[in-house]
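Here the structure comes first, spelled out in structure tokens, and everything after it is commentary.
The values are calculated or read from the model by the stated rules, or taken from the named source; none is laboratory data. These numbers come from a predicted model, not from an experiment. Cβ: placed from backbone, ideal geometry, glycine included. Neighbour counts: every protein chain shown.
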Amino acid sequence: MNDSNIFVNLSHVLLSKITKYLRDNIDKIFFSLVCKRWFEERHKYLKFNRDRFFINSESSILLNSYRSLIQDSFKKEIPNGLHIGNNVDVTYDISTTIDGLKSIDPTNIRKVVAAYYCRLPSETEEIYSFIERSNVTKLVCCQTMKYRIPMNLTSIIFPYWFNEPLVKDHLPPTLKSLSLGEQFNHPIEPGVLPDTLEKLKINSKYSHIMLQGALPSSLKYFYSWNHISRICELPPSLEVLILNLDRPSLIDGELPLTLRKLEYAPNTSQLSIKSLVNIESLTLDDANINNNSIFDLSQLPPNLNQLTLITLSRLTSAMPTSLRHLDLGYHSNYDIDEIFPNRSNYQFESLAWCGNRNKRESLEGLKIKSLTVLFEDGYGEDLDLPSILTIPNGIESLEICETHMKILNEQSIPSSVKVLEIHNFDCFECDPFIPKTVEHLKVPYLESYDVLNNFYPSSPNQIITIPQLSSSNISSRFETTHFELFVKFLEIPSFDCFAYDPFIPKTIEHLKVPFLDYYETTKS
């Protein structure tokens, strides 16, 4: 140890403040390995982020040097989520069975997930009684309204099988959020929904007319699929409207001027959309109508911030310069010089653009922070398109969606790109690689870890995010779990990399060994 080094001898208070700014636990561990003192005195300053991994038992902790620190991070957190089911769910602070519910202190519980299917009325009543004795405000998987629902709830999510009629005065009078499942198909009568409701999601085959007065005036968020016959009236203060629809006459009357977000609106309602002076986010979808109409971009609200186009229509006029997020979709028909007449006026935080249209336009001159290159499956591979994709300099984040077209080489990715997401390694002209200037490589889909033997982080500034595969699902990338594994370079003798997933931190030796071998036989 270099006892005279000013950084080595930083106080525990200062070390604690520094590590608090590190979001990922892997970086906290890296920090503690900088020098011998920081490692040996890690218990005096290091604290892990509870929400960055989930561990349901001590046997899940394989990184022995940090076992007690991980345990402490769980003990110091006040539990507020309770899962009731047949099996333990490690994503919640407390998980129990219906029989173990009596032993749970309800004082600090704020949310209950009733994943256990109640076969007896007494079981439902026991759950509801527990909620009434607690400070719970959210119930996930509310299975029935046959018994009195606790009146202290402000948020209720019904499961997909729920299909009981909603009865007036049976919902809590302070309810703010309600989500109905896929099987629900009973008419919602006026006055049934409490006048405190702010958010309503109908994730179902609801096929009835939404009568005048059925939606309370307090509603700010309304989401529904396209089975509703008609909406007679929208609440005057509605801010978010998400409708998966293909009938422009679905809504009677005008859209509320308070709308900030509108999704899946057919483009035949352009004139009414232009009057929405407060709109910030807009998704236009007429792909199912199969028309070849014209959509005049000058009819868009002038202060629009986000626009997503799912359309077969021909786009004319210029895009609003207020746009910061734009998704041009797969099928939009446009002249890029017409929709961006003066490219220097556009500054995009994110842009999604199809890379295998009939012609591949240049994006030069547009200021783009994050670029997503879309590819329609099988389309464009027989077109006479430039083989290598040209990415404008200045882009910081680049996502290449799945394609078998050879569009990337070492010169095609500008040095400005710090985050690179690749959906399919077939897009490389030669062997896959990580440019030295890229700091974070994301691989959301992976059939096998073997492909990683060709490249790995070459410096502590680089990290790879890959899906966690198990030996049972490694043959199919569509069966990967939603958990991620992080791989990062670690400059310590005999160790090449360090990796962890949200459940089990692990140390890795020699990346070029088949990945599953050392992943499953990790030493710590």
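Suppose we keep only residues that are over 23 Å from S298 (Cα atoms) and buried (at least 19 other Cβ atoms within 10 Å of the Cβ) within the stretch 339-359. Which one would you say is modelled with the highest pLDDT?
G355
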Subject >> Qualifying positions in the stretch 120-155 - without any contact (Cβ under 8 Å) to a residue 12 or more places away in the chain and under 18 Å from S103 (Cβ atoms) >> reply: S122, S129
Subject >> Lone unmet requirement of (1) part of a helix (DSSP H, G or I); (2) closer than 19 Å to I70 by Cα; (3) among the hydrophobic types (A, V, I, L, M, F, W, C); (4) at pLDDT 85 or above for I26 >> reply: (4)
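Here is a yes/no grid of residues against (1) farther than 26 Å from E125 by Cβ; (2) of a type in the set (A, V, I, L, M):
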| residue | (1), (2) |
| --- | --- |
| I149 | no, yes |
| T154 | no, no |
| E164 | no, no |
| K168 | no, no |
| H186 | no, no |
| L197 | no, yes |
| G213 | yes, no |
Original post:
Do we have V438 as at pLDDT 85 or above, in a loop (DSSP other than H, G, I, E, B) and on the phi < 0 side of the Ramachandran plot here?
Top reply: yes
**OP:** State yes or no: is L241 in contact with a Leu (Cβ under 8 Å, 6 or more places away or on another chain) and modelled with pLDDT of 95 or more?
**Re:** no
Subject >> Positions within the stretch 296-326 being at pLDDT 95 or above and assigned to a strand (DSSP E or B), in sequence order >> reply: Q306, L307, H325, L326
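One line per residue, one yes/no per condition, for (1) modelled with pLDDT under 80; (2) under 16 Å from I463 (Cβ atoms):
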position	(1), (2)
S387	yes, no
C401	no, no
N409	no, no
S412	no, no
K442	no, yes
E447	yes, no
D450	yes, no
Subject >> Complete set of residues in the stretch 86-133 that are among the small types (G, A, S), at pLDDT below 75 and either in contact with a Phe, Trp or Tyr (Cβ under 8 Å, 6 or more places away or on another chain) or within 20 Å of T154 (Cβ to Cβ) (or both) >> reply: none
Original post:
Any idea which of S11, S32 is within 30 Å of I94 (Cα to Cα), at pLDDT 80 or above and among the polar types (S, T, N, Q)?
Top reply: S32
